[in-house]
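Structure record follows, encoded as structure tokens.
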Amino acid sequence: KLYAALNKKKKEISMQVKIYRNMLEQMDVDMSFLREGKPIMSYLEDIDIELVEVSKMYLLSIRKMVQEQDFPDEYGYCFGKLFKKIKEKGLTASAPPMVLFHDDEYSPFGLDTEFAVPIKEYATGTRDFCPGLCLKTVVYGSYSQLSSVYARQIEWAEKEGYKNCNALYEVYVTSPSEVL
């Protein structure tokens, strides 16, 4: 029990170290902008947004309420479970894993989150997902940039007269646990 508790605490501290490293990197960028006389949020201007039509897909998914601090563990657990099911049922992944967010904000119960893998075959346990017209932004580097991307997308959508009418979602080409 002691080993498990220490291991859990070690993972928590490692996650905090990664978060603080990302914060320090962002502070370096912000300070660099200030030295150059640029607005501190000028990096938002470099976030490219495009409008794309996304076709219907079949999703194998797990939907649950997730607390913010539990996201790293839930990514691994839920995607592990989904890929195991894909293997057991002989299904074929048709695109990278994704996470859908069904609420705009956290509640005391967490965030309504759906971990999903698009698959080629329609099978028991899958559901249709028809995103339609979407804003697309490609992020290279740390997932810590996502809040800036969201801010830029919201700004762009408001300026262009678009409103969200479906779950927000992210597609992961690289695991969040690998690039936090």
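Can you name every residue in the stretch 108-120 that is in a loop (DSSP other than H, G, I, E, B) and closer than 26 Å to residue 150 by Cβ?
Residues satisfying the conditions are 108, 109.
Under 6 Å between Cβ atoms, at least 6 apart or on separate chains: pull out the pairs that start in the stretch 47-65 with a residue that is in contact (Cβ under 8 Å) with a residue 12 or more places away in the chain and more than 18 Å from residue 97 (Cα to Cα) and end on any residue that is open to solvent by 30 Å² or more (accessible area, probe 1.4 Å) and charged (D, E, K, R).
Note: pairs meeting the criteria are 47/152; 50/136; 52/136.
The conditions are (1) more than 13 Å from residue 126 (Cβ to Cβ); (2) open to solvent by 40 Å² or more (accessible area, probe 1.4 Å), and residue 94 fails exactly one of them. Which is it?
(1)
Could you tell me which numbered condition residue 105 fails, if it satisfies all but one of (1) under 19 Å from the mean Cα position of the chain (by Cα); (2) touching a residue at least 60 places away in the same chain (Cβ under 8 Å); (3) loosely packed, with under 10 Cβ neighbours inside 10 Å?
(2)
Might you let me know whether the stretch 143-158 holds any residue that is of a type outside the set (Val, Ile, Thr), in contact (Cβ under 8 Å) with a residue 24 or more places away in the chain, open to solvent by less than 90 Å² (accessible area, probe 1.4 Å) and part of a strand (DSSP E or B)?
no
Which number in (1) closer than 17 Å to residue 63 by Cβ; (2) out of contact with any His (no Cβ under 6 Å at 6 or more places or on another chain); (3) modelled with pLDDT of 85 or more marks the one condition that residue 112 misses?
Every listed condition holds for residue 112 apart from (2).
Out of (1) open to solvent by less than 40 Å² (accessible area, probe 1.4 Å); (2) touching an Asp or Glu at 6+ places or on another chain (Cβ under 9 Å); (3) under 30 Å from residue 156 (Cα atoms), the odd one out for residue 69 is which?
Here residue 69 meets the rest and fails (1).
What's the number of the condition residue 54 fails, among (1) touching a Cys at 6+ places or on another chain (Cβ under 9 Å); (2) open to solvent by 100 Å² or more (accessible area, probe 1.4 Å)?
Evaluating residue 54 over (1) touching a Cys at 6+ places or on another chain (Cβ under 9 Å); (2) open to solvent by 100 Å² or more (accessible area, probe 1.4 Å) leaves (2) as the failure.
The values are calculated or read from the model by the stated rules, or taken from the named source; none is laboratory data. All values reported here derive from a predicted model rather than from experimental measurement. In this analysis, Cβ positions are derived from the backbone assuming ideal geometry, glycine residues included, and neighbour counts consider all displayed protein chains. Each accessible area value is taken on the protein alone, full model and side chains, heavy atoms only, with ligands, DNA and RNA left out. Shrake-Rupley method; radii C 1.70, N 1.55, O 1.52, S 1.80 Å.
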